[in-house]
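Take a look at the structure below.
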Amino acid sequence: MTEHGRPSIGPILELCGRFQQFAALVAACRLRVFAALGDGEHPAEVVAARIGAPAHTTRQLLNALVALGLCKRTPSGYRNAPLAARFLDPASPAYVGDFVEWFGDGFAALATLDEAIRRGGPVGLSQSGSDLARLPPERLERYVRGMEQISVGTARYLAERVPLAGRRRLLDLGGGPAVFACTLARHHPELHVEVLELGPVVPFARRRVAAEGLADRVVVREADYKTADLGEGWDAVLLSQVLQTEAPEAGQALLRRVAAALAPGGLLIIHGVMTDEDGTSPPHVALMSLFLLALFPGGAAYPWTEVAAWVRAAGLHVDHFGRLPSPALTAIMLARK
Ligand SMILES: C[S@@+](CC[C@H](N)C(=O)[O-])C[C@H]1O[C@@H](n2cnc3c(N)ncnc32)[C@H](O)[C@@H]1O
């Protein structure tokens with residue numbers, strides 16, 4: 001953008017303004033504005049009473065949500081736009097508000113990104129290792145529920161494409177709330193899955209396994225994947241969104257342990273946020289690297305070519321790399337022992 005041949009300040013102002021867009025979205029989720037609107041049409045005063053805020057600030061927020069396309073202005077007040085009704089009203093089965101709120105928690109860390117960059121890692125509590133147990137319970141819950149809400153579609157995509165037919169034992173390291181484990185097990189009735197997770201996340205995973213009626217084929221073990229005995233002879237190992245939360249040395253050490261635990265011919269599935277070789281593309285993935293840096297010690301969106309080099313150094317053959325369709329930011333790498 002230029003003014004009389006000189007760069008315009010417009011793009012800088014636009015970047016500054018994006019913070020307000022995100023802040024409005026997070027505030028609306030935290031205040032349950034979309035729930036307060038539900039499937040009705042309400043004046044600001046009614047929404048204000050439901051969320052326990054003054055009418056004038058509620059109106060300001062609602063007007064901003066209209067500007068963002070998340071709400072509609074009507075003659076009698078406001079209502080949810082279809083996007084908000086589908087994804088941001090807790091009554092919807094496709095609700096992702098906890099994921100948005102988890103991003104909101106991360107926003108506090110991004111506000112001190114300069115300090116995180118200077119220090120070489122998160123300022124304050126990270127979201128991994130022993131820090132997980134020190135997170136306030138509601139923050140831990142948002143993290144885990146956020147993972148759960150955002151990974152349902154991705155897990156289905158993986159289940160339909162990753163060649164697991166004929167493989168019977170899968171180890172899922174850092175399996176979170178077991179969405180991937182359960183989805184893969186449902187898709188492959190012969191498959192038995194063991195999920196390794198840290199203590200604070202284990203109850204969430206076990207609840208999901210029980211709710212899906214998969215306790216006979218999906219087991220959740222409380223263990224640290226860096227130190228636990230990973231066993232041997234696994235037909236497949238899944239590392240979903242794990243390497244991006246670890247420093248390069250830790251990721252490489254984990255890959256060596258995984259390679260030792262795989263059976264000959266065993267399949268390693270790496271799913272996560274990885275940039276292209278240049279580290280700068282795709283743009284959304286390169287930016288996500290900063291979020292990972294601010295939240296996880298050593299966290300980064302590594303170039304997939306670097307991850308592939310680690311996998312080869314661990315003695316595995318890389319067979320495939322591909323990106324998931326938009327809006328997913330993640331990619332899949334498959335390797336064989
Ligand atoms: C970003 S989440 C990914 C969860 C899940 N695999 C997914 O793709 O949705 C990373 C998970 O790894 C777990 N984790 C982190 N460090 C771990 C460790 N040392 N041992 C076991 N699990 C760990 C975290 O608790 C968290 O649930």
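We did not get these values from a lab; they are worked out from the coordinates using the rules stated. Just so it is clear, the model here is predicted, and its values are computed rather than measured. Here Cβ is always computed from backbone atoms with ideal geometry, including for glycine, and neighbour counts include all displayed protein chains.
Here are some notes:
- Residues of region 287-315 with amide N under 19 Å of a point placed 7 Å along Cα→Cβ from PHE19: 287-295
- Membrane-span-like helices of the chain, defined as complete DSSP H segments with a Cα extent of 18 Å or more along the helix axis and a mean Kyte hydropathy of at least -1.0, are identified as 10-30, 55-68, 97-110, 137-161, 248-261, 283-295.
- Stokes-Einstein, applied to the Kirkwood radius of the chain over Cα pairs at a viscosity of 1.002 mPa s and 20 °C, places its translational diffusion at 99 µm² s⁻¹.
- In this simple spin-label model, placing a label point 7 Å from the Cα along the Cα-to-Cβ direction at both ALA250 and GLU115 gives a separation of 2.1 nm.
- Here region 2-88 is treated with +1 on each Lys and Arg Cβ and -1 on each Asp and Glu Cβ, and its dipole about the Cα centre works out to around 140 debye.
- Once the Cβ-Cβ distance of ALA328 and PHE107 is raised to the sixth power relative to R0 = 30 Å, the FRET efficiency obtained is 0.90.
- Between PHE321 and THR280, the contour length at 0.36 nm per residue exceeds the Cα-Cα span by 13.0 nm.
- Averaging over all projection directions, the Cα-based convex hull of region 101-180 occupies 6.9 nm² in the image plane.
- What the pair-distance distribution of region 2-88 shows, using all Cα-Cα distances binned every 5 Å from zero, is 3, 14, 24, 22, 12, 7, 6, 5, 4, 2, 0 percent.
- Nitroxide proxy distance, nm - points 7 Å out along Cα→Cβ at GLU41 and GLU141: 3.5 nm
- Among PRO283, PRO177, PRO327, the largest mean-square fluctuation in a Gaussian network model of the chain (Cα springs under 10 Å) belongs to PRO327.
- Lys/Arg +1, Asp/Glu -1 at C-beta; the chain dipole; positive extreme among CYS16, ALA36, GLY121: ALA36
- Residue-averaged [θ]222 nm for the chain, counting only DSSP H segments that reach four residues, each worth -39500 (n - 2.57): -14500 deg cm²/dmol
- If the Kirkwood radius is taken over C-alpha pairs of region 152-336, then at 37 °C and 0.692 mPa s the Stokes-Einstein diffusion coefficient equals 200 µm²/s.
- Taking the Cα centre of the chain as origin and assigning +1 to Lys and Arg Cβ atoms and -1 to Asp and Glu Cβ atoms, the resulting dipole is close to 440 debye.
- Nitroxide proxy distance, nm - points 7 Å out along Cα→Cβ at ALA91 and ALA260: 5.5 nm
- For a modelled paramagnetic label at LYS72, 7 Å from Cα along Cα-to-Cβ, the residues of region 4-46 in reach, with backbone nitrogen under 16 Å, are 37-43.
- Förster radius 56 Å - calculated FRET efficiency between HIS56 and ARG221, Cβ distance, rounded to 0.05: 0.60
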